[in-house]
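Below is one structure, written out as structure tokens; the observations come after it.
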Amino acid sequence: MKQKKTIYLDNAATSEPKPKAVLKAVETALRKITASPGRSGYQMAHTADRFVYDCRKRAAAFFGLEDASRLIYTPGGTYSINVAINGFLKKGDHIISTGRQHNAVTRALDSFGINSTELAWNEDQPLTEKLFQKVMNKKTKAVIVNHASNVDGLLYPLKKIGRIAKKLKLALIVDAAQTAGLVKIDMKKMNIDMLCVTAHKGLLGPAGIGILALSKNCGLKPTISGGTGSVSEGTKMPADYPDRLEAGSMNLGGIAGLDAGIREIQKIGRMEILKAKTKLTEKTCRALSKIEKIKIYRPKKKENRIPLFLFNIEGIDPSELGDMLDRKYGIACRVGLHCAPSAHREIGTYPEGGVRFAPGYKTTITEINLFVKAITEIAEKKSKEKR
Amino acid sequence: MKQCIAAFKTTYETLNAEDCFRDAGIKFRPILKPRKIGSSCRMVLRFDESLLPLAKKVVAKSKLEFAGFYRQEGEIWIKIEND
Ligand SMILES: Cc1ncc(COP(=O)(O)O)c(C=O)c1O
């Protein structure tokens, strides 16, 4: 039953395939916008300046950020998270985090000496101000939330968190790696102070480019210093945004790809993508839950999840299962801890981890049927072996 | 006709100003910042002095991160404080 084309179900790691419009935009940028923006006065450089400016404006509008000068291009989600944490907090500060957080957050907090306490919340209980107050102390400056888990798809009620954070005078940092392009994000309405976005997942763009978007009142000290093309005579980074946080030559191909990804999503419709992926995920879950010895991990309530989930088959090591899917069936799923050990601890799958199902905007029903068939076969074979 | 310059703090803001000037019908040309002008951005917008009152209005209304207006006097650019 070997497939010619891989059935790619690892879209939470990175989206595949990239839309043609994204490929074309990257190529066009590299061919035609060849000067370095922000550095020179000749017309080619001005074209590059204008290009970055237009992309910045469109991205800001997409995320409900009024002042596009506060939209910073970074080399990805991890980088955005690091710049936000290091730029806003200082060693010894305290932050409220979520159990579902990615290592991009866990390790950044550790390396910058920020103390953190995880919010003790699960979807069976209301998310209240009290829960935050329980874990707050005098040094608490911010809340950092993984908008949706890359392990089991748990979607945090961000609007509510934003309201509570504002009331408690805490800044809100959001890791939107799994939701940007899939779930509506409005920085203003959600009271988000620092939004960390990566281009290569839900935004359908290339890896190596991301966004850090800052609210009006949020000031950050620079993490990376270097040339900006402005105030070149000084040894300090410029005071004004975006230059303050954008040192070094810009990734024009990446910016073009990110911009094209956003426009492609607007063309297809974010809701359409969400609906299609949800439909596939629900169908898969229904089919898999009929299999004996399978355990599916995902939030109970529809409103608390994005379309991906984690699963295991009793008696089979997740790595072995992933390997079988790949070698025998040509199916690509990510197994293990998904760079989020604390999420697995919360879910109850640490340290073995699990297998993640993450469809993409191009995943078909046929592919889903083949996936279900493969899992059914593997599970049946395993139970026969045991008898 | 004497020339004037509007200087802004960043490339972003200069491009923002280009849009605002264009919308207001101000004819301008982006040029490299003359060395003596105290702005952090390397580009500035040059226009005829006759457009200065309108440019001032646009800058005030658009809340641009503004570094200053300059007027050409012979070889040098003099900052326009408040005339
Ligand atoms: C929840 C979460 N946060 C952060 C990241 C890091 O993003 P990037 O790969 O763009 O650095 C990822 C993806 O790997 C993720 O899933």
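The values are calculated or read from the model by the stated rules, or taken from the named source; none is laboratory data. A quick note: this is a predicted structure, and the numbers were derived from the prediction, not measured. We place every Cβ from the backbone using ideal geometry, glycine too, and count neighbours over all the protein chains shown. Just the protein is used for accessible areas: all its heavy atoms, side chains included, with ligands, DNA and RNA removed. Shrake-Rupley method; radii C 1.70, N 1.55, O 1.52, S 1.80 Å.
Placing R0 at 22 angstrom, the Cβ-Cβ distance between A:Leu23 and A:Lys362 gives a FRET efficiency of 0.95 after rounding to 0.05. Here B:Lys79 and A:Ile224 are evaluated by their C-beta separation; at R0 = 25 Å the FRET efficiency comes out at 0.15. Note on A:Thr235: accessible area approximately 140 square angstrom, rounded to 10, probe 1.4 Å, nucleic acids and ligands left out.
How far is helix A:252-268 tilted, in degrees, relative to the longest principal axis of the Cα atoms in chain A, given as a value from 0 to 90 rounded to the nearest 10? Taking the Cα atoms of chain A, the angle to A:252-268 is about 60 degrees. Modelled spin-label separation between A:Lys141 and B:Arg29, with each label point placed 7 Å from Cα along the Cα-to-Cβ direction: 4.8 nm. Working from label points 7 Å from Cα in the Cα-to-Cβ sense, the A:Lys386 to A:Arg345 distance is 3.0 nm. Looking at chain A, the DSSP beta bridges with both ends there are about 50 percent antiparallel. Let me know the shape class of segment A:234-387, please: from the alpha-carbon gyration tensor, a ≥ b ≥ c as square roots of the eigenvalues, rounded when a/c is under 1.5, otherwise prolate if a/b is greater than b/c, or oblate. Cα axes put segment A:234-387 in the prolate bin.
Ranking B:Arg71, A:Arg31 from most to least accessible surface, computed with a 1.4 Å probe over the protein chains only, gives A:Arg31, B:Arg71.
Note on B:Val59: accessible area approximately 10 square angstrom, rounded to 10, probe 1.4 Å, nucleic acids and ligands left out. Given segment A:157-294, what percent of its DSSP beta bridges are antiparallel, to the nearest 5? The antiparallel proportion sits near 55 percent.
Solvent exposure of chain A amounts to 45 Å² per residue of accessible area, where only protein heavy atoms count and the probe is 1.4 Å.
Label sites at A:Thr47 and A:Asp317, each approximated as a point 7 angstrom past Cα along Cα to Cβ, lie 5.6 nm apart. Its DSSP H runs of at least 4 residues, each contributing -39,500 (n - 2.57), put the calculated 222 nm mean residue ellipticity of chain A at -12000 deg cm²/dmol, to the nearest 500. Taken across both chains, chains A and B shield about 1500 Å² of accessible surface from a 1.4 Å probe. The angle between the Cα long axis of helix A:270-288 and the main principal axis of chain A comes to about 20°, on a 0 to 90 degree scale. What the Cβ-Cβ distance of A:Asp186 and A:Leu127 gives, at R0 = 22 Å and to the nearest 0.05, is a FRET efficiency of 0.70.
Against chain A, whose longest principal axis is taken from its Cα atoms, helix A:77-88 shows a tilt of about 50°.
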